[in-house]
Ligand SMILES: Nc1ncnc2c1ncn2[C@@H]1O[C@H](COP(=O)(O)OP(=O)(O)O)[C@@H](O)[C@H]1O
Ligand SMILES: N[C@@H](CCC(=O)OP(=O)(O)O)C(=O)O
């Protein structure tokens with residue numbers, strides 16, 4: 001379970017380009033006194049700093065029910081579903097307002113995205129949510145996601161936002177999921193009830209020994225460490241690392257992303273790229289196809305190279321940038337699947353052309369390759 005000091009992994013966070021940050025209720029709500037606006041301001045400052053460095057950050061924020069309770073003057077968390085829904089509806093306003101005003105100090109726009117379980121389990125809605133979030137991220141807007149508590153019922157509830165954070169990390173093929181909570185990380189026993197509990201610095205997301213030490217949540221949070229560990233397991237399916245750390249540590253996000261040995265880091269079992277590719281191949285519907293010439297087929301199969309437009313003879317289907325397409329040879333034999341960097345119309349205009357001509361033909365260049373090798377699975 002415990003790892004040596006030279007354990008690789010922290011540097012994976014240094015190289016992360018897209019990160020999902022989940023901020024838990026236990027941390028956000030000022031011990032039940034309502035939203036901790038000053039603390040939220042501090043996390044927003046760190047997210048903005050990462051953003052300036054070109055790192056895409058998507059927030060998953062809890063706190064709607066707790067904030068709603070304070071606004072409504074309720075002292076005790078209600079148990080009736082309709083009252084929880086009402087509190088969430090009132091509180092979500094406050095949450096959105098708070099994030100919006102803090103991000104505005106940095107000239108950044110935010111977008112409120114409320115999801116239900118169905119949005120991520122139904123294939124069509126999954127793809128819709130994915131393209132909406134990808135578009136926001138491409139527009140350099142910071143999405144702030146929460147569960148749509150006002151419309152969910154017990155049967156279709158994520159319940160805890162750790163699971164939601166992991167599914168969003170899958171959805172966006174994020175490099176890392178950072179879970180900020182009220183403890184320094186995962187301990188070898190619940191530190192609330194075990195004074196001698198020790199922090200686990202690194203581990204494998206799928207280590208069953210870790211599951212045995214992760215207990216339930218406190219009075220304000222929903223799932224405790226058990227759901228955080230399960231979230232790490234889910235995030236690892238698409239190759240994401242998970243960090244669990246205290247949101248009260250000064251500059252926690254910027255320090256984690258600089259590779260500092262803070263909190264608990266849980267790594268995916270598979271090499272991230274391999275896990276991510278497998279995830280991609282299994283998840284996304286094919287939206288179109290590309291017919292490759294013999295040279296392109298050979299480099300894809302033999303050298304694992306990216307696919308360039310110069311090796312493509314024809315395109316078919318109405319795919320958009322970021323969609324999954326099938327690559328076939330001139331006899332129609334399946335060669336590879338991958339996420340395409342150009343939509344069908346643009347791809348049709350650049351096929352057969354060398355990459356240095358893309359800008360002159362389209363007036364812009366998204367990327368020099370049609371499908372980057374990291375997003376390509378040879379079949
Ligand atoms: N092994 C463990 N290590 C650390 N915390 C643990 C452990 N087992 C249970 N916990 C509990 O998990 C709580 C954090 O989860 P939770 O209350 O759901 O917070 P959040 O709202 O941030 O998700 C901690 O306050 C702690 O009491
Ligand atoms: N969606 C709920 C939060 C659920 C929750 O508290 O989850 P967690 O932060 O994982 O303990 C809300 O905004 O109140």
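Read the figures in this text as sums done on the coordinates, not as results from a lab. In this text, all values refer to a predicted model and were calculated from it rather than measured experimentally. Here Cβ is always computed from backbone atoms with ideal geometry, including for glycine, and neighbour counts include all displayed protein chains.
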The chain: angle of helix 81-104 to the longest principal axis, Cα-based, in degrees nearest 10: 70 degrees
Ranked list, fewest to most other Cβ atoms within 10 Å of each Cβ, for 225, 365, 324: 365, 324, 225
Rounded tilt (10° steps) of 37-52 against the dominant C-alpha axis of the chain: 20 degrees
Pairwise FRET efficiency - residue 192 versus residue 359, Cβ, R0 = 51 Å, nearest 0.05: 0.35
Between helix 123-138 and the chain: long-axis angle, C-alpha atoms, 0 to 90°, nearest 10: 90 degrees
FRET efficiency for residue 331 and residue 254, using Cβ-Cβ distance with R0 set to 45 Å, rounded to 0.05: 0.30
Counting DSSP beta bridges with both ends in the chain, the antiparallel % (nearest 5): 35 percent
Separation in nanometres of the label points that stand 7 Å from Cα toward Cβ, at residue 17 and residue 125: 3.1 nm
Cβ-Cβ FRET estimate between residue 367 and residue 49, R0 fixed at 25 Å, reported to 0.05: 0.45
Highest to lowest packing among 75-82, 273-280, 327-334, scored as the average C-beta count within 10 Å: 273-280, 327-334, 75-82
Inter-probe distance in nm under a simple model that places probes 7 Å from Cα toward Cβ, at residue 285 and residue 109: 2.8 nm
Label point distance in nm, residue 153-residue 71, each placed 7 Å from Cα along Cα→Cβ: 2.6 nm
Potential extension, residue 80-residue 316 segment - 0.36 nm per residue separation minus Cα distance: 79.7 nm
Extended-chain gain in nm, criterion 0.36 nm per residue less alpha-carbon gap, residue 374 and residue 299: 25.6 nm
Computed [θ] at 222 nm, deg cm²/dmol, the chain (DSSP H ≥ 4; -39,500 (n - 2.57); rounded to nearest 500): -11500 deg cm²/dmol
